[in-house]
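The structure appears below as C-alpha cells.
The values are calculated or read from the model by the stated rules, or taken from the named source; none is laboratory data. Because the structure is a prediction, the values reported are computed rather than measured. Here the Cβ is made from the backbone with ideal geometry for all residues, glycine too, and neighbour counts use every protein chain on show.
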Amino acid sequence: MLAPYLRLRNYRSAWLRGGFTAEDLALGGSNRLIDALFAWGSPDRIAARLTEHRQAGADHVAVQVVTDAPGTFARQAWRDLAPELVTA
C-alpha cells in the first residue's frame, strides 16, 4: 500500500521534512514510518489512534482498510471496525 508513495518526490520530501530519514523511506518503509502513518491492530486500537488525531486538531480523518489481499474489498474488516469508528 505504501510502496507507490515512497517513490513520489513530494511525499518523500514531506516525510523527510517531518523528521524521517532516508533509511525510514527505504525498502518499503521502516517500522517507525509504518507506525506513524498507519493505525493498525485491533478495532479498538485503531479507534484510539483516530481519536488521538481528532484530539490533536484533525477535523476529519480518512480511513482505508488495508489488508494482505490487495484488490479485494475487506468487508469483514469494515464490519469489525465500523462500531469503533462511531465512537472514535
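Being assigned to a helix (DSSP H, G or I) and among the polar types (S, T, N, Q) is the filter; apply it to segment 71-88 and report the residue that is modelled with the lowest pLDDT.
Step by step, filter segment 71-88, then rank; the result is 87.
With the requirement that a residue be without any contact (Cβ under 8 Å) to a residue 24 or more places away in the chain and under 18 Å from residue 1 (Cβ atoms), what does segment 46-60 give you?
49 - this is the single residue of segment 46-60 that is without any contact (Cβ under 8 Å) to a residue 24 or more places away in the chain and under 18 Å from residue 1 (Cβ atoms).
Residue by residue through segment 51-66, note down the ones that are at pLDDT 90 or above and part of a loop (DSSP other than H, G, I, E, B).
56, 57
Just checking, how many residues over segment 68-81 are over 14 Å from residue 41 (Cα atoms), surrounded by 10 or more Cβ atoms within 10 Å (Cβ to Cβ) and of a type in the set (A, V, I, L, M)?
1
Suppose the filter is touching a Leu at 6+ places or on another chain (Cβ under 9 Å) and either part of a loop (DSSP other than H, G, I, E, B) or basic (Lys, Arg) (or both); does residue 22 pass it?
yes
Would you point out the residue of segment 1-53, among those that are among the acidic types (Asp, Glu) and exposed (fewer than 14 other Cβ atoms within 10 Å of the Cβ), that is farthest from residue 75 (Cα to Cα)?
Residue satisfying both the conditions and the ranking: 23.
When the residues of segment 26-50 are narrowed to those that are under 18 Å from residue 80 (Cβ atoms) and in a loop (DSSP other than H, G, I, E, B), which ends up farthest from the chain's Cα centre (by Cα)?
This residue is 42.
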